[in-house]
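Presented below is the structure to which this report refers.
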Amino acid sequence: AGLAVSGVTASVPNAFVVLQAIRQHTLNVAVAPPVVIYQSANSLALLTVPLIAVAAALALYSSNRATRVVSIVFLATTIPATLLSFSRGGYLALLVIGLLLAFTHPARRWLIAAIVVLAVAVSRIPPIASRIAHEVNLNDPNNSLEERFRLWAATFRMLRDHPVFGTGLAGFQQTIDRYRNGVYTEDLIYPHNIILNFWTETGLLGLAAFAWIVGQAVRAGWNGWRHGPAIWRPLQLGVLLMIVGIIVHGLVDVPYWKNDLSLEFWVLLALSWAGQRWGSVVRS
């Protein structure tokens, strides 16, 4: 419930200021959209996408009517706000989550077709279409993906000198400067990729540990969805989709190394573990 409240609390004011900018014709999607609470609109998507994954699974599969209603209300609030964050990584993660969720349903063909049609329709909405157009045009000076390529190249150059232990916690920002080669000038504290992020912050051992945690979470989520107690199955599926969403979003952003995001990650994993333990007790 606390995570749901945090998602709504962050979503509503952020959506309001973006809609106000659209109404006043002051929105420029070539640059960062207006934000509330966070300093970056991408941060809102990083918070809401994992919660949307869990809420969507609960809305589709929960046997409790109140849970379904609350989940639907949550989705109706956070999905539009996430779209208005104009986070392209968030868009991709939402699409993958939606398709995988649809694939688990008996009416998968209709649901997948509906999601594809909806995704195409949303991508034609003028502000969103303009934002996507900036991203697919590599010659556009406002293309952030090109900047990501430069940042990743600089990060790999840095990791050649620090391959085992990385640069240590919070060491990326101070260490990356001499590897930029004058082509990447924006001052960032993370390499905007979840694999490179863990590698630079915690070294190969930390990266391997995170990979193991993710693998265990995926295994637990899948087994819980397929074989767990019926009351816990929707949540287990939601946590599984949450992991997928984090990995997809993590291809181009930082979905863990911030206080709210890491707390959200561990709380949802703890709920999955609780469901797994509850099922073990019931079976015994």
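The values are calculated or read from the model by the stated rules, or taken from the named source; none is laboratory data. Remember, it's a predicted structure, so these values are computed and weren't measured experimentally. Every residue, glycine as well, gets a Cβ built from its backbone with ideal geometry; the counts of neighbours run over all protein chains shown.
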(request) Would you check if there is a residue in the range 116-131 being surrounded by 13 or more Cβ atoms within 10 Å (Cβ to Cβ), under 30 Å from residue 200 (Cα atoms) and free of Cβ contacts under 8 Å to residues at least 60 places away in the same chain? (result) no
(message) Just to be sure I understand, how many residues within the range 26-51 are under 12 Å from residue 87 (Cβ atoms) and outside any loop (DSSP other than H, G, I, E, B)?
(response) 9
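Give the number of residues within the range 211-233 that are under 14 Å from residue 57 (Cα atoms), surrounded by 13 or more Cβ atoms within 10 Å (Cβ to Cβ) and hydrophobic (A, V, I, L, M, F, W, C). First the steps, then the outcome.
If we filter the range 211-233 for residues that are under 14 Å from residue 57 (Cα atoms), which is where we start, we get 221-222, 224-226, 230-233.
Narrowing further to those that are surrounded by 13 or more Cβ atoms within 10 Å (Cβ to Cβ): 221-222, 224-225, 231-233.
Among the residues that remain, those that are also hydrophobic (A, V, I, L, M, F, W, C) are: 222, 225, 231-232.
Matching residues across the range 211-233 total 4.
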(request) Name the single residue, out of those in the range 264-283 being more than 16 Å from residue 216 (Cα to Cα) and surrounded by 17 or more Cβ atoms within 10 Å (Cβ to Cβ), that is modelled with the lowest pLDDT. (result) 279
(request) Would you mind stating whether residue 102 is more than 23 Å from residue 255 (Cα to Cα), surrounded by 18 or more Cβ atoms within 10 Å (Cβ to Cβ), more than 14 Å from the chain's Cα centre (by Cα) and in contact (Cβ under 8 Å) with a residue 12 or more places away in the chain? (result) yes
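When you check residue 201 against the structure, is it at pLDDT 90 or above and acidic (Asp, Glu), yes or no?
On the way: at pLDDT 90 or above: yes; acidic (Asp, Glu): yes.
It is true that residue 201 is at pLDDT 90 or above and acidic (Asp, Glu).
Restricting attention to the range 37-53, which residues are without any contact (Cβ under 8 Å) to a residue 24 or more places away in the chain and of a type outside the set (Ser, Thr, Tyr)? Walk me through how you get there before you give the answer.
Initial filter on the range 37-53 (without any contact (Cβ under 8 Å) to a residue 24 or more places away in the chain): 39-40.
Once the filter is applied, which keeps residues that are without any contact (Cβ under 8 Å) to a residue 24 or more places away in the chain and of a type outside the set (Ser, Thr, Tyr), the range 37-53 yields only 39.
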(message) Pull out all pairs, ordered by first then second residue, where Cβ-Cβ is under 8 Å, the residues are six or more apart or on different chains, the first lies in the range 54-66 and is closer than 16 Å to residue 108 by Cβ, and the second is of a type in the set (Lys, Arg).
(response) 61/233
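Give the residues of the range 36-68 that are more than 11 Å from residue 241 (Cα to Cα) and in contact with a Ser or Thr (Cβ under 6 Å, 6 or more places away or on another chain), sorted by residue number. Give the steps one after another, and end with the answer.
Let us first name the residues in the range 36-68 that are more than 11 Å from residue 241 (Cα to Cα), namely 36-48, 58-68.
If the condition is that a residue be more than 11 Å from residue 241 (Cα to Cα) and in contact with a Ser or Thr (Cβ under 6 Å, 6 or more places away or on another chain), then 41, 42, 44, 45, 48, 58, 59, 68 are the ones that fit.
Test residue 190 against the stated conditions and say whether it is buried (at least 20 other Cβ atoms within 10 Å of the Cβ), modelled with pLDDT under 95 and either out of contact with any Pro (no Cβ under 8 Å at 6 or more places or on another chain) or not basic (Lys, Arg) (or both).
yes
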